[in-house]
Structure formats: structure tokens, C-alpha cells
Amino acid sequence: MKSDKPDIGIVYYKNCFEGAELTELETEMAAYGLKLMPYERSSYICASIDFFVPFLQILLSPDMVKALSQGLLTNAVSDGIKVLLKRIYNKFHKKPAFKIQGGNISEESANIHFVVGNNHLVLPVDVDKEKFEYTVDKFMVAATDSAPTEITYIFFSEKDNTILSKTENAIIQEEYDKYKRKKSQEI
């Protein structure tokens, strides 16, 4: 958006991307007038609810969030964001991520978040392309229409075959309730 600061940041675990892939993404985003800043982070995480710890996170700058919420994004910038999200989908679609916890290795789909202010879209990389695009389109509308004061997660629920929106506190409460039910069943 014509600034020396990045418009979009990508925070990812080590070895998710090769240098050439990142260079290609930066070049492609520049064609849409967007400056991309990749950041590699350690793959070690302390205790947390998995849902909140993304394998990869795409963040819009405060200026981009403001422009989006005011409906001031140009078509080119909006198209550039969607192209980036599709590239991420294509790279991680149906490719497992592995989690090592408690000495066990488990296979999961990549947990990828697209963050616009307090709106977090959990990208559904394990669904078909139409559902993915539908979810992204609905999120772009939701991110434009709402500026929640609480962190809110928007995600596609395969169980309900719909898009759900829950606050961080509601998700924590649900996880706590599941844990309590599990513990009471063990007794």
C-alpha cells in the first residue's frame, strides 16, 4: 500500500517454506502493490490450546486492517490477499503437519490463521477448493463489517457444514468443559 512498512506478515515454523518460495510470494504480492514480510519462528511451543497456536499465521498491518474495515481496499489489494490465501491453501492442502506431544507423534492438518485485527480466520486447508473460497469470501465480508473488541475466531465446521464464529473466551470455556467431562468419566 505504498509504504516502507510491510502490509502483510507471514509468521511460520522453520522449514515451512524454501527461500525461493518466499521470494516468489514477495514478488507476486508486489505486483498487487503489497509488501510482504516473512518471519520464521521456533517450532517449540509451551502449553496451550492447539486451536490458538497456528502452524502458520498471516497478519495484516494496522493500516491494512483500517482500510479493510472502512471499505477502502482497492480491488487489486483485495485480489492480492485472496491470491496469497489461495497460494497458502495450494501449498498446505491435504498435507499433514506433525505434532509431538507427550512422547507421541500425531498427524494433523495445518492450523493456519489469517488475522485482521481481532478477527481470526482459521483457514480450512483440509476442505475442497469451493468450501475454502466460500469461507475466505465470508471472512472478508465479516472482517469488513465487524471490529470485535474480543479476539474472535471464524472457522468452517465440517460437522455442521457451516461457518462458525466464536470468541476466544468461548473456545477456552468449551475446552475446559470437555476436559472436566473427560475427567469425570475417568473416575
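Six or more apart or on different chains, Cβ under 8 Å: which pairs go from a residue in the range 115-140 that's among the acidic types (Asp, Glu) to one that's modelled with pLDDT of 85 or more and part of a loop (DSSP other than H, G, I, E, B)? Could you list them?
Correct list of pairs: Asp126/His93.
Within the range 54-107, how many residues turn out to be of a type in the set (Val, Ile, Thr), in contact (Cβ under 8 Å) with a residue 40 or more places away in the chain and over 19 Å from Asp126 (Cβ atoms)?
Initially, the range 54-107 is screened for residues of a type in the set (Val, Ile, Thr), giving 58, 65, 74, 77, 81, 83, 88, 100, 105.
Remaining after also requiring in contact (Cβ under 8 Å) with a residue 40 or more places away in the chain: 58, 65, 74, 77, 81, 83.
If we keep only those that are over 19 Å from Asp126 (Cβ atoms) as well, we get 65, 74, 77, 81, 83.
Total meeting the criteria: 5.
In the range 79-118, how many residues are part of a helix (DSSP H, G or I) and buried (at least 17 other Cβ atoms within 10 Å of the Cβ)?
Number satisfying all stated conditions: 7.
Just to verify a result, which residue in the range 146-187, among those that are assigned to a strand (DSSP E or B) and among the aromatic types (Phe, Trp, Tyr), is surrounded by the most Cβ atoms within 10 Å (Cβ to Cβ)? Break it down into steps so the answer makes sense when it comes.
Start the filter on the range 146-187 by keeping residues that are assigned to a strand (DSSP E or B), which leaves 152-157, 162-167.
Next, from what is left, pick out any that are among the aromatic types (Phe, Trp, Tyr): 153, 155-156.
On the way: Tyr153: 19, Phe155: 20, Phe156: 23.
Going through the qualifying residues, I end up with Phe156.
Of these, Leu36, Leu22, Leu60, Leu56, which one is surrounded by 13 or more Cβ atoms within 10 Å (Cβ to Cβ) and touching a helix residue (DSSP H, G or I) at 6+ places or on another chain (Cβ under 6 Å)?
On the way: Leu22 fails: touching a helix residue (DSSP H, G or I) at 6+ places or on another chain (Cβ under 6 Å); Leu60 fails: touching a helix residue (DSSP H, G or I) at 6+ places or on another chain (Cβ under 6 Å); Leu56 fails: touching a helix residue (DSSP H, G or I) at 6+ places or on another chain (Cβ under 6 Å).
Within the list Leu36, Leu22, Leu60, Leu56, the selection yields Leu36.
The values are calculated or read from the model by the stated rules, or taken from the named source; none is laboratory data. Quantities reported herein were computed from a predicted structural model and do not represent experimental measurements. Ideal geometry is used to build each Cβ from the backbone, glycine not excepted, and the neighbour counts take in all protein chains shown.
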